[in-house]
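Undergrad: Questions regarding the structure given below will be posed in turn.
The values are calculated or read from the model by the stated rules, or taken from the named source; none is laboratory data. Here the structure is a predicted model, which is why all the values come from computation and not from measurement. A quick note on method: Cβ atoms are made from the backbone with ideal geometry, for glycine too, and the neighbour counts reach across all protein chains shown.
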Amino acid sequence: MPTIQGKITKAFEPRSGQNDRGKWMAQDFLLESYDQPYPRRCLFSVWGEERLIQFNIKEGDDLAVDIDLDARERNGRYYNSVRAWRVARITPPQMEEMPAAGQPLPPPQAPSAAPIGETAPIGEETAAAPGAAIGPLPPPGDPLGGDATEDLPF
């Protein structure tokens with residue numbers, strides 16, 4: 001299943017209870033991805049006291065979390081569950097510094113001159129580039145290139 005990487009921004013209070021299978025314990029965590037400039041957030045759960053002790057997740061931890069996704073039905077509605085089954089500590093990637101508010105953005109990079117896709121071998125003719133002028137443009141004031149005496153039907 002998927003692996004998500006990011007920083008734990010919130011560790012919620014653990015929950016516990018008793019059911020027909022015995023005692024259970026779970027805790028939810030909010031992870032914020034490293035995606036820039038728009039990071040994503042994922043709420044996931046860790047089930048089982050043994051896993052909670054083993055993973056020892058704290059706010060501020062940088063983690064790679066392997067998750068299982070599942071949907072459960074209750075009273076005709078479906079609910080997603082995101083459960084962690086493996087957690088690994090990682091070092092966060094080095095982020096590029098974003099300009100501070102009020103500072104100008106760096107100039108955009110010029111697109112490469114190489115065409116997208118395959119190129120023709122050297123010495124062979126190539127088709128006109130997309131967007132290239134095919135014929136003469138109509139004179140100014142006559143955008144459709146038709147007879148100027150024509151009138152619209154309405």
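Undergrad: Here are some residues: L69, L63. Which one is in contact (Cβ under 8 Å) with a residue 40 or more places away in the chain, more than 19 Å from P14 (Cβ to Cβ) and assigned to a strand (DSSP E or B)? Show your work before the answer.
TA: Working: L63 fails: more than 19 Å from P14 (Cβ to Cβ).
When all the criteria are applied, what remains is L69.
Undergrad: Looking at A26, A120, can you tell me which residue is among the hydrophobic types (A, V, I, L, M, F, W, C), at pLDDT 95 or above and touching a Ser or Thr at 6+ places or on another chain (Cβ under 8 Å)?
TA: Numbers: A120 fails: at pLDDT 95 or above.
Step by step, each of A26, A120 is checked, and only A26 is among the hydrophobic types (A, V, I, L, M, F, W, C), at pLDDT 95 or above and touching a Ser or Thr at 6+ places or on another chain (Cβ under 8 Å).
Undergrad: Return the residue satisfying two criteria in turn: it lies in the stretch 7-32 and is under 30 Å from P93 (Cα atoms) and among the aliphatic types (A, V, I, L, M), and of such residues it is surrounded by the most Cβ atoms within 10 Å (Cβ to Cβ).
TA: Among residues in the stretch 7-32 that are under 30 Å from P93 (Cα atoms) and among the aliphatic types (A, V, I, L, M), the one surrounded by the most Cβ atoms within 10 Å (Cβ to Cβ) is L31.
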